[in-house]
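Everything on this sheet refers to the single structure shown next.
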Amino acid sequence: MAMNTTVGNITSPAVTSNPISVSTLASEHFTKPFRVTLIIIYTAVLLVGITGLTVMISLLKTNIRSLTTIAFLNLMVAHFLFLFTVPFRIYYYASKEWHLGQGFCKLVSAMVHIHIYMVFTIYSILLTVRFLHFYKKTQRTEFYRRLHGLGASALVWFILLLIMVPVVLIQYGNKGMPENECFKFGVEMEKGSVYTLNLVLSIFIITVSCLQTCIQVIILRSMILKYGPASSSQQEFWVQIKNLSFVLIMLTCLVPYHLFRLQYMKNHEHLHQINEVFLAITGLTCFDMLTFTGKNICKVCWT
């Protein structure tokens, strides 16, 4: 009897240690400092984004033939879809558990990436057209008919929402992630095709952003040299200042995430939490709506 009691006393701590280790492991998916940081960032994104969208709806022109108007309409749609998923992220970081199903988890996770690529695409198209217009390579900044602009926008969103999203839901994140966890798909980087795709996209976005920054700096420098102190009275100068805001948003919100992603893909297990912070920073692109609300800037923006 003494021997049995001794054995029981020795072995009992080992039996009770497993549940503790499991709960500890689950809670370490996001530690408190990172959860607080993510909640703060996404709360700011949500509040400012909703405010910006509300103001922009009241200021938006009805000329849907204008390339600028079409671009901002698509930008607003991208922001709206992304902002719709933000409260679910805040809920998860606050509660530390996910109870909305893995399918919806993948959808919410995919939407932040769709938002990144849509914002980058819209910025790049708008900047490229305005650069060409500045260098007199093109004089047309409107679609021939209203339906052309709407049709092009509908095609882009059809490809994204009706083709890419189902593919993500079916093929992405199927490696047995616990039901109460979400936004932990770094293991997918171990697939050669996924790694290559992310590498190409990151390098492409970094390269294009830096190239457009250089072009914008050259254009502003040429205008300042040409007009000197009178530059601020030139309408084209303020158009270029507006373009500069797009460039700065890409450099501060999108480029850092993709620079870090190059390292994250090689060590996703240890850099998961930091990666989520960089990913949250991309949501700050919603602040672009606030840059369009100034009275004088808006007049220039819609020309």
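Rule-based calculations on the coordinates, nothing more; no lab input. What you see is a predicted model, and the numbers here were worked out from it, not measured in a lab. Here Cβ is always computed from backbone atoms with ideal geometry, including for glycine, and neighbour counts include all displayed protein chains.
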Considering every Cα-Cα pair within region 176-227, what fraction, in whole percent, is farther apart than 15 Å?
68
For 247-253, 264-270, ranked highest to lowest by mean beta-carbon neighbours within 10 Å, the order is 247-253, 264-270
For region 40-55, in order, what is each residue's ³J(HN,Hα) by Karplus, 6.51 cos²θ - 1.76 cosθ + 1.60 with θ = phi - 60°, in whole Hz (x at glycine and Pro)?
5, 4, 5, 5, 5, 4, 5, 5, 5, x, 5, 4, x, 4, 4, 5
Just round it to a whole percent: the fraction of Cα-Cα distances in region 193-298 exceeding 25 Å.
36
